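Notes follow the structure.
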Amino acid sequence: MTQTEISTTSAPEAVPAHAPTAQWKWWQYFTFNTDHKVIGIQYLVTSFIFYLIGGALATAIRTELATPAPNLVTPETYNGLLTLHGTVMIFLWIVPAGAGLANFLIPLMIGARDMAFPKLNAVAFWMIPPSGLLLVLSFFLESPQAGWTSYPPLSLMTGKVGEGLWIFSLLISGTSSILGGLNFLTTILRMRVPSMKLNDMPLFCWAMLATSGLILIGTPVLAGALILLAFDLLAGTAFFNPTGGGDPVVYQHMFWFYSHPAVYIMVLPLFGVISEVIPVHARKPIFGYQAIAYSSLAISFLGLIVWAHHMFTSGTPAWLRMFFMITTMIIAVPTGIKIFGWLATLWGGKIALNSPMLFALGFIAVFVIGGISGVMLASVPFDIHVHDTYFVVAHLHYVLFGGSVFGIYAAIYHWFPKITGRMMNEPLGIVHFVLTFVGMNLTFMPMHELGLLGMNRRVALYDPRFTTLNQVATVGAYVLAVSTLPFLFNAVWSWMKGEKASENPWRALTLEWQTSSPPEIENFEVLPVLTTGPYDYGMNHHSESMAETTAAATGSS
Amino acid sequence: MNIPSQILTLLAGIALTLISLWYGQNHGLMPVQASDDAVAVDGLFNAMMTVSMGIFLLVQGVLIFSIFKFRRRAGDETDGPPIEGNVLLEIVWTAIPVVIVLVISVYSFDVYKSMGGFDPEASDDPGLVQVAMMPDSESNAAFNTASDTASAPLINAPRHHHHHSVALGIGASPETANKPADVTVNVLGMQYAWIFSYPESGITSGELHIPVDKDVKLTLKAQDVIHAFWLPEFRLKQDTIPGQDSELRFVPRRVGDYPIVCAELCGAYHGGMVSRLYVQTQEDYDQWVQSQVALKDSQESAKTSTVASLDAIADPTPNMGDRATTSPDPIRQQISQKFGIDDSLLNQVQPATPTTATPTTATPATATPTTAPLSAMHS
Ligand SMILES: [Cu+2]
Ligand SMILES: [Cu+2]
């Protein structure tokens with residue numbers, strides 16, 4: 001990939017009328033604002049608050065599991081805790097955090113002044129707080145207790161209020177997600193600076209292209225399943241209710257048709273983040289740009305035809321189990337391409353071990369474990385043993401905590417200077433990384449063994465022979481709870497008083513770094529012209545051509 | 001001393017291979033193997049663990065090596081070499097995973113076949129039959145009136161008289177195919193217990209007894225919500241789904257007693273839904289059956305006494321309705337002994353059973369869990 005052509009034909013666009021360094025007032029971040037950067041920050045901050053709520057629920061769950069007896073909360077409350085923990089973490093933390101990063105970064109990365117549909121964008125964000133409040137409300141009225149999977153008939157029997165609120169909340173956040181996906185897709189395809197071809201895009205944009213496709217195809221099916229479930233729950237229909245002749249397995253198919261791709265909706269954006277962070281801090285071009293870009297599309301496509309691997313012990317015939325086993329296994333191939341590409345990028349580089357890079361390296365180290373256990377779980381005979389056990393709990397947290405959460409942290413440390421105009425504190429970042437890395441492995445590694453040995457998931461009481469491993473996991477969970485403190489302090493303190501960041505503190509080549517930190521309201525004083533590829537590190541021309549861009553920009557203003 | 005890097009790489013590769021091979025056989029992560037299926041699944045698991053360990057060591061090794069070897073030195077502001085890719089390398093690391101997953105798929109297919117996953121009786125899709133039947137048969141109205149009669153096997157019957165023979169799950173292995181099973185046990189999952197009934201002898205029990213080295217077939221049904229019948233030591237699991245039969249067929253190879261776990265979230269006391277599987281010698285098994293038959297006869301002749309013996313709980317269903325009203329405590333004690341459940345928990349479980357259902361689903365089938373399942377199982 002070499003695209004260093006300097007576009008001379010596209011003249012610099014008209015200079016916007018407002019003052020060049022225009023910034024929003026602080027209170028405007030709390031309003032219906034259509035600036036993609038404001039919306040991005042709104043998404044990130046809101047979702048992080050829900051991360052803390054979901055984490056508090058997880059800490060309560062692990063405290064209950066510190067002893068084999070169900071002695072902390074009532075069994076109903078326990079099921080409420082695990083249901084809300086899963087739902088909050090997925091629909092109010094990881095998915096909207098990904099949307100937040102995409103909102104902030106996509107227009108800047110492709111040289112646009114905003115998203116394609118700014119109003120729709122703000123509408124999409126403002127659906128998240130009510131969706132979350134409904135869930136929080138349900139916890140105090142009557143918790144939904146059927147797990148985040150909410151399988152009927154159980155979900156039809158645990159109480160109409162809680163389950164109804166749960167369905168309603170998910171329909172709102174699902175709609176928000178669809179609107180966001182539509183916006184990302186249109187923006188990436190239509191709003192790039194003229195000099196940027198698809199193959200000149202940063203890999204984060206490729207990842208969001210693939211993610212948006214999944215959102216647009218998958219989420220409506222979830223909405224359909226939830227609406228039918230709501231009819232069964234509230235109107236007494238029998239789409240899924242076996243007492244009326246309905247088929248609960250049909251719900252599982254519809255649910256997983258969205259919810260397997262949801263894993264990729266949650267992790268693909270962070271694959272994109274890692275592909276951005278590693279070349280910058282290793283000072284080397286990404287290894288195999290096209291392979292990494294297209295593997296996102298491959299994952300996205302394959303992700304749509306693997307859903308029934310969640311149903312190998314359900315009402316599924318043998319041929320279906322075999323088909324979904326093979327498709328699921330094949331997803332390991334494009335995922336492997338990314339991991340090997342990242343490793344090859346590191347090889348021979350000049351690796352800076354700063355906070356964003358530590359989280360990116362940590363991402364690879366732990367995500368690969370989740371990827372490996374994912375291939376194992378695809379194997380039908382093995383999955384029959386471990387399905388619905390702590391092995392699966394371990395696997396999914398290695399993917400969603402080790403993958404998504406590490407990726408989100410890498411992104412925050414990397415783009416914090418751009419978002420806020422200030423640097424984060426390095427020593428605190430390293431403390432945060434060490435605590436997170438240790439806590440994560442302490443919490444989730446023992447769960448593999450627990451599941452293999454015979455501990456089922458979603459239980460408040462368990463066989464006393466599993467006590468020791470559970471206590472290790474509980475200690476790990478407390479370490480994770482503590483690990484958020486240095487981060488919170490660091491983020492808040494650095495935002496107010498941190499060292500001022502330059503335009504491009506990491507000497508990166510992608511376009512978001514070629515404007516002020518934080519960017520002015522319409523992003524670029526003069527729309528940038530592409531002079532180097534996004535990852536042309538080590539090519540002698542890049543420093544000069546960067547200077548050219550700057551010179552051209554200042555000269556024309 | 002200067003060792004060429006090729007030799008170091010070779011040594012690292014050999015070490016990685018040896019560690020992976022050793023770990024694949026010695027991880028000690030699986031419970032005892034109580035059936036041929038368990039041996040087959042563990043063989044597959046060990047193979048996957050070997051490959052996994054190799055990939056794990058490779059990735060972590062490269063990562064750690066890079067962090068040390070390619071760390072940026074203080075003051076070095078230069079970039080690394082501008083290498084953008086290598087087609088050959090990319091083909092290799094695409095092709096190797098393809099081969100690995102294909103081999104694992106074929107191996108898995110083979111193990112699944114040996115377990116009996118392709119027994120047509122347990123692997124065909126009843127959904128096709130089902131969809132065709134749906135519009136003209138059971139209308140909701142007809143169904144609701146039917147549900148007013150408590151004695152009808154409400155949940156299980158209506159869907160299933162269309163296709164008697166198909167029950168998804170793990171069926172007969174190639175060796176036992178086309179032969180009737182030696183022992184058949186009907187398993188009913190309900191909030192929050194497993195009920196086992198033996199059609200040949202007519203007995204019902206709260207724990208599962210089977211003879212060793214015999215071809216055992218479990219037919220699985222669910223009373224209220226989805227449960228999952230899991231035998232960790234046999235590596236077998238199958239959801240029990242209301243309205244859909246499923247089955248598990250296997251040959252126990254090891255005398256002993258094993259946990260039976262419900263693996264699918266089924267309500268507040270899901271964690272308490274455990275039982276025991278006793279694999280016995282043929283003599284012990286016969287003795288147990290005889291004692292149960294005798295107990296059943298004595299109970300039928302003296303129905304008034306519900307709390308007569310310790311083993312009364314082995315036939316818990318007829319007593320279920322009486323529990324809350326007549327002297328519940330001895331029964332609870334027996335349950336807690338039999339199932340290993342905390343007595344205080346049972347205190348909560350028992351009143352919970354009839355009340356967890358909401359009005360829509362609280363058909364008589366769930367409200368009186370006693371008669372419906374039994375008639376379903378004995379029919
Ligand atoms: Cu999945
Ligand atoms: Cu259960």
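The values are calculated or read from the model by the stated rules, or taken from the named source; none is laboratory data. Worth saying up front: this structure is predicted, and the values here are computed from it rather than measured. A quick note on method: Cβ atoms are made from the backbone with ideal geometry, for glycine too, and the neighbour counts reach across all protein chains shown. Heavy atoms of the whole protein, side chains included, go into the accessibility calculation; ligands, DNA and RNA do not. Shrake-Rupley method; radii C 1.70, N 1.55, O 1.52, S 1.80 Å.
For the criterion of being basic (Lys, Arg), crowded, with 24+ Cβ neighbours inside 10 Å and away from ligand 1 (no atom under 16 Å from the Cβ), B:LYS214 fails. Pairs are defined by a Cβ separation below 6 Å, a sequence spacing of at least 6 or placement on different chains, a first member in segment A:356-380 that is at the interface with another protein chain (Cβ under 10 Å from one of its Cβ atoms) and under 30 Å from B:GLY169 (Cβ atoms), and a second member that is open to solvent by less than 10 Å² (accessible area, probe 1.4 Å) and not in a helix (DSSP H, G or I); the pairs so defined are A:VAL380/A:PHE312. Per the listing A:ILE299, A:ILE337, the residue uniquely open to solvent by less than 20 Å² (accessible area, probe 1.4 Å) and away from ligand 2 (no atom under 16 Å from the Cβ) is A:ILE299. In summary, B:ALA95 fulfils each of the numbered conditions (1) part of a helix (DSSP H, G or I); (2) more than 8 Å from every other protein chain (Cβ to nearest Cβ); (3) open to solvent by 50 Å² or more (accessible area, probe 1.4 Å) with the single exception of condition (3).
Restricting attention to segment A:131-171, the residues being open to solvent by 10 Å² or more (accessible area, probe 1.4 Å), assigned to a helix (DSSP H, G or I) and β-branched (Val, Ile, Thr) number 2.
Among the residues of segment A:199-232, those identified as open to solvent by 20 Å² or more (accessible area, probe 1.4 Å) and either touching a residue at least 40 places away in the same chain (Cβ under 8 Å) or of a type in the set (A, V, I, L, M, F, W, C) (or both) are A:ASN199, A:LEU209, A:GLY213, A:LEU216, A:ILE217, A:PRO220, A:VAL221, A:ALA223, A:ILE227, A:LEU228, A:ALA230, A:PHE231. Residue count for segment B:24-41, restricted to those that are open to solvent by less than 40 Å² (accessible area, probe 1.4 Å), assigned to a helix (DSSP H, G or I) and touching a residue at least 40 places away in the same chain (Cβ under 8 Å): 4. Taken together, A:SER275, A:SER259 contain a single residue that is polar (S, T, N, Q) and within 16 Å of ligand 1 (Cβ to nearest atom), which is A:SER259.
Yes or no, residue by residue, for (1) aliphatic (A, V, I, L, M); (2) within 16 Å of ligand 1 (Cβ to nearest atom):
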site	(1), (2)
A:PRO220	no, no
A:ALA225	yes, yes
A:LEU228	yes, no
A:GLY245	no, no
A:VAL263	yes, yes
A:MET266	yes, yes
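A single member of A:PRO242, A:PRO269, A:PRO261 is within 16 Å of ligand 2 (Cβ to nearest atom) and either crowded, with 24+ Cβ neighbours inside 10 Å or within 20 Å of A:THR149 (Cβ to Cβ) (or both), and it is A:PRO242.
Taken over segment A:493-508, residues that are open to solvent by less than 10 Å² (accessible area, probe 1.4 Å) and in a loop (DSSP other than H, G, I, E, B) amount to 2. Taking strands (runs of 3 or more DSSP E) as the structural unit, those lying wholly within segment B:235-285 and holding at least 2 residues that are away from chain A (no Cβ under 13 Å) and open to solvent by 10 Å² or more (accessible area, probe 1.4 Å) correspond to B:256-262, B:274-280. Based on this model, can you work out whether B:GLY85 counts as small (Gly, Ala, Ser) and in contact with a helix residue (DSSP H, G or I) (Cβ under 6 Å, 6 or more places away or on another chain)? No; evaluated as a whole, the condition is false for this residue. Of the residues in segment A:455-473, not one is open to solvent by less than 10 Å² (accessible area, probe 1.4 Å), of a type in the set (D, E, K, R) and within 24 Å of A:PHE50 (Cβ to Cβ). None of B:LEU44, B:LEU89, B:LEU63, B:LEU58 is open to solvent by 60 Å² or more (accessible area, probe 1.4 Å), modelled with pLDDT of 95 or more and assigned to a helix (DSSP H, G or I) except B:LEU58. Residues that are within 16 Å of ligand 2 (Cβ to nearest atom) and either in a strand (DSSP E or B) or within 18 Å of B:GLY256 (Cβ to Cβ) (or both) within segment B:208-234 comprise B:LEU208, B:LEU218, B:LEU220, B:LYS221, B:ALA222, B:HIS227, B:ALA228, B:PHE229, B:TRP230, B:LEU231, B:PRO232, listed in sequence order. Among the residues in segment A:381-399, are any open to solvent by 40 Å² or more (accessible area, probe 1.4 Å) and outside any helix (DSSP H, G or I)? The answer is no, given that none of the residues of segment A:381-399 is open to solvent by 40 Å² or more (accessible area, probe 1.4 Å) and outside any helix (DSSP H, G or I).
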